[in-house]
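Trainee: Quick one: the structure is below, and I'll ask about it shortly.
Only the coordinates and a few stated rules stand behind these numbers; no lab work does. Keep in mind that this is a model prediction, so the values were computed, not measured. Note that we place each Cβ from the backbone using ideal geometry, even for glycine, and neighbour counts take in every protein chain shown.
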């Protein structure tokens, strides 16, 4: 279950994963940002997702714990 952590800059939601890595598309679904894999794919393909500060257009990009994802003006931390 995602947990919100407040910082001075913006609230960051930490989304815990139980595996060593997770794909960006699966992460967006787990975080509740996208309802389906297709929706996650569209968000990524349109350039609306940043990983560690850089725009990412790879749905299958592997994320590890500690990665930071920004989408729709909100920040998420892979926990």
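Trainee: The chain: percent of C-alpha pairs farther apart than 22 Å? Don't skip to the end; give the middle numbers.
Mentor: Numbers: 390 of 3081 pairs.
Considering the chain, 13 percent of its Cα-Cα pairs are separated by more than 22 Å.
Trainee: Given the -39500 (n - 2.57) contribution per DSSP H run of 4+ residues, what per-residue ellipticity at 222 nm results for the chain, rounded to the nearest 500 deg cm²/dmol?
Mentor: Working: 2 runs with 16 residues, N = 79.
Only helices count here, giving -5500 deg cm²/dmol.
Trainee: Ratio to report: Rg/Rh of region 37-79, with Cα atoms as the point set and Rh obtained by the Kirkwood method; give two decimals.
Mentor: Working: Rg = 9.7 Å, Rh = 10.4 Å.
Rg/Rh: 0.93.
Trainee: Continuing with this model, one more query. List 18, 23, 36 from most exposed to least, where exposure is judged by having the fewest other Cβ atoms within 10 Å.
Mentor: Values: 18 5, 23 16, 36 11.
Final ranking by Cβ density, sparse to dense: 18, 36, 23.
Trainee: Mean separation of Cα pairs under 8 Å and 6+ residues apart, divided by the residue count of region 3-78: what relative contact order is that in percent?
Mentor: Answer for region 3-78 is 33 percent.
Trainee: Fewest Cβ neighbours within 10 Å first, please rank 30, 24, 63 accordingly.
Mentor: Arranged by neighbour count, lowest to highest, 30, 24, 63 become 30, 63, 24.
Trainee: Using a basic spin-label model with each label point 7 Å from the Cα along Cα→Cβ, how many nm lie between residue 42 and residue 62?
Mentor: With each label point 7 Å from Cα toward Cβ, the separation is 3.0 nm.
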